[in-house]
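Quick notes on the structure that follows.
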Amino acid sequence: MLCTTKLRSKPAALAFTIFSLSTGCAKHAATSASTAAPPPPAPRVATAEARAEVKLPPERPAGSCKSANGFPDAGCTPGEVDSKVKQSNIKTTICVSGYTETVRPPTSYTDALKLQQIREYGYSDTNPKHYEEDHFIPLELGGNPTDPNNLWPELGPSPNPKDKVEGKLKRLVCSGKMMLDDARQRIRSNWKTAVP
């Protein structure tokens with residue numbers, strides 16, 4: 001019977017629904033329309049919020065870290081790398097578009113860490129909106145996403161000049177013009193002069 005026909009395309013299902021409604025097969029129309037092939041699922045990308053909660057480290061004494069000239073305190077924020085990102089796998093990690101979103105920590109963690117580190121750095125301006133919780137070794141160069149030794153409250157808005165340097169270094173690494181470890185060391189040494 002025509003009222004029980006299963007249709008595979010949306011236009012055909014819509015036409016069948018209209019036909020069914022006009023010929024008295026309305027109770028089958030909804031069933032047939034709902035059995036049409038569903039659209040393909042959207043690709044799943046792990047979001048930061050979907051990852052497990054990360055715990056804050058013990059707080060250092062207030063003012064025990066010092067920032068100077070746009071650089072974090074080398075003792076408090078030396079920069080840490082993600083051990084899963086190596087030169088041998090950059091084509092499947094950092095050089096893949098959207099990679100950083102798959103490893104970025106939850107904002108609930110970075111916001112809380114930012115407040116803690118503002119105290120640790122002894123900033124007189126304690127408004128968190130005036131800081132970016134920056135990955136010293138950037139995620140786009142395989143910096144550790146959650147290690148507090150790689151995160152610090154960088155004064156100023158985002159994006160900022162350091163973000164441009166990070167993007168240029170990533171392009172050099174992904175094009176084979178610079179080794180990953182060299183790019184990371186350039187950030188650690190002096191991000192302001194890191195791009196050759």
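If you take the residues in the stretch 77-92 that are under 17 Å from Thr146 (Cα atoms) and β-branched (Val, Ile, Thr), which one is farthest from the chain's Cα centre (by Cα)?
Here the residue is Thr77.
Would a scan of the stretch 85-104 turn up a residue that is part of a helix (DSSP H, G or I), closer than 30 Å to Ser64 by Cβ and in contact with a Lys or Arg (Cβ under 9 Å, 6 or more places away or on another chain)?
Yes, some residue in the stretch 85-104 is part of a helix (DSSP H, G or I), closer than 30 Å to Ser64 by Cβ and in contact with a Lys or Arg (Cβ under 9 Å, 6 or more places away or on another chain).
Looking only at the stretch 39-61, which residues are modelled with pLDDT of 95 or more and farther than 20 Å from Thr110 by Cβ?
Answer for the stretch 39-61, where residues must be modelled with pLDDT of 95 or more and farther than 20 Å from Thr110 by Cβ: just Pro61.
Conditions (1) outside any loop (DSSP other than H, G, I, E, B); (2) in contact with a His (Cβ under 8 Å, 6 or more places away or on another chain); (3) surrounded by 23 or more Cβ atoms within 10 Å (Cβ to Cβ), marked per residue:
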position: Ile137; (1), (2), (3): no, no, yes
position: Asn149; (1), (2), (3): yes, no, no
position: Pro153; (1), (2), (3): yes, no, yes
position: Pro157; (1), (2), (3): no, no, no
position: Val165; (1), (2), (3): yes, no, no
position: Lys170; (1), (2), (3): yes, no, yes
position: Lys177; (1), (2), (3): no, no, no
position: Asp181; (1), (2), (3): yes, no, no
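The values are calculated or read from the model by the stated rules, or taken from the named source; none is laboratory data. As the structure is a computational prediction, the values presented were derived from the model and not from experiment. Every residue, glycine as well, gets a Cβ built from its backbone with ideal geometry; the counts of neighbours run over all protein chains shown.
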